[in-house]
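Notes follow the structure.
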Amino acid sequence: MLVEVAAAIAGYVFRDKVMSEFNNNFRQQMENYPKNNHTASILDRMQADFKCCGAANYTDWEKIPSMSKNRVPDSCCINVTVGCGINFNEKAIHKEGCVEKIGGWLRKNVLVVAAAALGIAFVEVLGIVFACCLVKSIRSGYEVM
């Protein structure tokens, strides 16, 4: 339980560092996109779910050496079809970056995450209280004999 509290405090204190690391990690995964099918499927899923493209915006894909110019993953397209990211029209793709969109989603849903964490902590404290009651009851039972 102390580790959970420490992690929550560290998460709050280093929240800006977390976003910076997420941005760097997302860009690193973008470079692995053409090489690794697992990475590609994760990024495709994130881009499709959050309706975003690239880290900061869709032009980030131009900086990936193995991606040709005027090409983005098909998951960037508003209407995803095979090959829609090749020679794309800007109106046909999501222009916003994923790092900011996902960060906004996390900031919006932080209350839900905090409530879930508090609920789990409450159950753990309740478990500790019941364990103490059980120990007391066992000790008092042995004293009678």
Tell me what the chain gives for mean residue ellipticity at 222 nm when only DSSP H runs of n ≥ 4 count, each as -39,500 (n - 2.57), the sum divided by the residue total, rounded to 500 deg cm²/dmol.
-> -21000 deg cm²/dmol
Sites removed, the longest contiguous part of the chain containing no DSSP-loop trypsin sites (Lys or Arg not before Pro) with at most 10 other Cβ within 10 Å is 70-145
Using Cα pairs closer than 8 Å and at least 6 residues apart in sequence, work out the relative contact order for the stretch 1-109, in percent.
-> 25 percent
Which whole-number value in Å² is the accessible area per residue of the chain, probe 1.4 Å?
-> 71 Å²
With all protein chains present, how much of the accessible area of the chain (probe radius 1.4 Å) comes from carbon and sulfur, to the nearest whole percent?
-> 64 percent
For the chain, what is the convex hull volume of the alpha-carbon atoms per residue, in Å³?
-> 149 Å³
Among the lysines in the chain, how many pairs, 8 or more places apart or on different chains, have alpha carbons under 20 Å apart?
-> 12
Put Met30, Met46 in order of accessible area, largest first, probe 1.4 Å, and you get Met46, Met30
Calculated from backbone phi, Karplus (6.51, -1.76, 1.60) coupling profile of the stretch 8-16 in Hz, x at Gly/Pro = 5, 5, 5, x, 6, 5, 9, 4, 5
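Rank these residues by their accessible area, most exposed first, probe 1.4 Å: Leu111, Leu43.
Leu111, Leu43
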Check the cysteines of the chain one by one and keep only those with no other cysteine Cβ under 4.7 Å from their own.
-> Cys132, Cys133
What FRET efficiency, computed as 1/(1 + (r/R0)^6) with R0 = 41 Å and r the Cβ-Cβ distance, is obtained for Ser20 and Ile78, rounded to the nearest 0.05?
-> 0.90
Measuring from the longest principal axis of the C-alpha atoms of the chain, the long axis of helix 110-144 (C-alpha) lies at a number of degrees, nearest 10, equal to 20 degrees
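The values are calculated or read from the model by the stated rules, or taken from the named source; none is laboratory data. In this text the structure is predicted, and so the values were computed from the model without any measurement. Cβ: placed from backbone, ideal geometry, glycine included. Neighbour counts: every protein chain shown. For the accessible areas, the whole protein counts, side chains as well, though only heavy atoms, and no ligand, DNA or RNA atoms are used. Shrake-Rupley method; radii C 1.70, N 1.55, O 1.52, S 1.80 Å.
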